[in-house]
Amino acid sequence: MTKEEYEVGVLGAPHNSVPLTSTVINIHSDTSVPDHVVWSLFNTLFMNVCCLGFVAFAYSVKSRDRKMVGDVTGAQAYASTAKCLNIWALILGILATIGAIILMVYSSVAVYHMLLQVLERNRGY
């Protein structure tokens, strides 16, 4: 018998007369609060209609700050406002882009027709 086996044999099982009790600690996982910073930055750089993208970016940063402090309720409130502003900035930006494309096509067609009229008038010379 080796030394380790002898020590285990001598020690044996624990002789506690007190019943074992356990304590359960519930650790809540961090609630994932999206702060929409990337979306806000995109809207700030490309679709900043009426500065809505910039304001959404400010609310997104506030939401991230609240999340870092541990204020989940405040982070959710700021994130909700940022999301709403981002949606409006995106919708208005898309409408403005479509309107600009329609205006450019209409202007190009109008200029083309004006040039045709000028050329027809000058054919007599």
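Throughout, read-outs are computed from the coordinates displayed, never taken from laboratory work. Bear in mind the structure is a predicted one, so any value in this text is a computation, not a measurement. No Cβ is skipped: glycine too gets one built from the backbone with ideal geometry, and neighbour counts run over all protein chains shown.
Do you know the relative contact order of region 33-98, to the nearest whole percent, from alpha carbon pairs under 8 angstrom that are 6+ apart? Display every interim value, and only then the final one.
Working: 94 pairs, mean separation 26.2, N = 66.
Dividing the mean separation by the residue count of region 33-98 yields 40 percent.
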Its Cα gyration tensor gives region 33-98 an equivalent ellipsoid whose semi-axes in whole Å, largest first, are 23, 9, 7
When HIS36, HIS113 are arranged by how many other beta-carbons sit within 10 Å of their Cβ, fewest first, they go HIS113, HIS36
